[in-house]
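Quick note: the coordinates plus some simple rules give every number you see, no bench work behind them. Being a predicted model, the structure only gives us computed values, none of them experimental. Here the Cβ is made from the backbone with ideal geometry for all residues, glycine too, and neighbour counts use every protein chain on show.
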Amino acid sequence: INPRPFTGTVSFANISKIYDGNTSVTTIPQLTVTGLLGSDEVIATANSASFSDANAGVTTVAVNSISYSGVDKKNYIMPTSTTNTQCTIERFPLLIKPLSGQRHALGSSESTIEYDILPVLLPNGDVL
């Protein structure tokens, strides 16, 4: 008996992380297999995953290596990768505050106030 081509889906929930300057996925996603015949059981495990873009915003995560287990895995020709196009890299939070000891009266003509931007170390060597 030849294995049947798998026509279902191997998918994972949306992933998000805070911007860190790289495309790495901090938590490998749990995969879900749907579309098997009857009570067949195949379990998919992601071995690696990455964001397609390192910048903040909605982007794709690709799982490029999947291993399979379960009593029925030999009955199917399963995909070796899958993607999710609705994953998000959140903006890196910054705290901007005036340096201590600076005081300017409301309506003052002084227009220079110095600020600290915290954290001082930004991800991946980024600078402001």
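Quick one: net charge of PHE92's neighbours, Cβ under 14 Å, K/R +1, D/E -1? So the surrounding residues net to -1.
Taking amide hydrogens as placed 1.01 Å from N in the peptide plane, the amide H of THR59 sits under 5 Å from those of CYS87, THR88, ILE89, each at least 5 positions away in sequence or on another chain.
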